[in-house]
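One structure below.
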């Protein structure tokens with residue numbers, strides 16, 4: 001009788017060990033899958049950014065948004081379905097139209113657009129937004145292709161050349177000008193409260209026959225009557241682009257409703273000036289209580305990653 005009890009006890013222990021091993025193996029597999037996707041996304045962004053056209057006469061899409069950000073720039077890479085080696089490259093997180101019968105098919109995912117163009121189209125295809133800064137024409141939805149189906153949150157900020165982290169590509173602590181229709185001159189000086197480092201964006205409205213133009217200037221010397229402004233690229237003040245992503249594995253995503261995913265997304269706040277995004281997001285992912293309150297599995301399946309990408 002004692003032998004039977006011991007045997008049953010051993011069987012229970014072995015069953016528990018197998019269950020723990022299985023759970024650990026499954027979690028490890030999910031983590032490896034997630035990290036593989038993030039690595040691929042970061043490498044793709046690095047490749048596009050290393051080939052970016054970074055000149056004073058070329059626009060970048062550096063404006064941010066509430067929630068998931070988008071970023072775009074001209075890059076000398078091959079476009080989708082095109083043999084041209086210059087493309088308007090854009091990254092975004094968007095929700096696809098749900099596929100009937102496919103769980104999770106309508107959830108947000110990271111997408112990349114690479115619309116191949118000629119150099120003449122690059123000039124004519126630019127539009128301006130004087131409030132948000134220089135932007136590229138937003139690609140059509142058909143221009144985007146899936147890049148990371150497990151990524152639900154995308155955030156950018158900028159490491160400026162003075163070493164600070166910022167949500168804008170200029171020094172927001174001093175006077176800047178974004179609504180002008182003319183270029184700055186020597187009289188735009190300290191008497192008007194401009195300083196060395198002040199930013200000036202000139203926008204001239206256009207027509208379909210004669211597209212408008214945008215030019216960017218930075219103040220090098222604010223001396224009275226002798227101010228020096230230099231035409232520059234929108235990325236003049238940026239040392240590196242900081243890209244942060246939040247990701248949850250495919251199996252867990254399929255269990256989440258739209259409301260649950262929105263609640264999860266809202267936990268990961270937008271970047272703040274001077275604050276490291278990864279540190280703020282780690283505080284969320286390391287605290288299981290809010291995650292578990294949305295869904296029990298989220299306490300172990302949400303991961304956040306960040307990388308700095310130096311401008312070419």
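Structure data summary
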item	result
Likely footprinting exposure, 40, 243, 202, fewest C-beta neighbours within 10 Å first	40, 202, 243
Fully extended contour minus Cα-Cα distance, from residue 164 to residue 265, at 0.36 nm per residue	33.8 nm
Ascending count of other beta-carbon atoms within 10 Å, so fewest first, for 167, 235	167, 235
At R0 = 30 Å, FRET efficiency that the Cβ-Cβ distance of residue 282 and residue 185 yields, to 0.05	0.05
Gain upon complete extension [residue 258, residue 220; 0.36 nm per residue less C-alpha separation]	8.7 nm
Set of region 137-165 residues, backbone N closer than 14 Å to the point 7 Å along the Cα-Cβ line of residue 195	162
In range of the label at residue 275: residues from region 160-177 whose backbone nitrogen is under 17 Å from the point 7 Å along Cα→Cβ	164-168
Förster radius 30 Å - calculated FRET efficiency between residue 80 and residue 174, Cβ distance, rounded to 0.05	0.15
Residue order, fewest to most beta carbons within 10 Å, for 166, 263	263, 166
Peptides ranked, highest mean first, by Cβ atoms within 10 Å: ranges 141-150, 179-188	141-150, 179-188
Packing-based ranking, highest mean first, of 43-51, 220-228 given that Cβ atoms within 10 Å are counted	43-51, 220-228
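No value in this document is a laboratory result; all are computed from the given coordinates. Everything numeric here is computed off the predicted structure, so don't read it as measured data. When we count neighbours, we look across all protein chains shown, and the Cβ atoms used for this are built from the backbone with ideal geometry, even at glycine.
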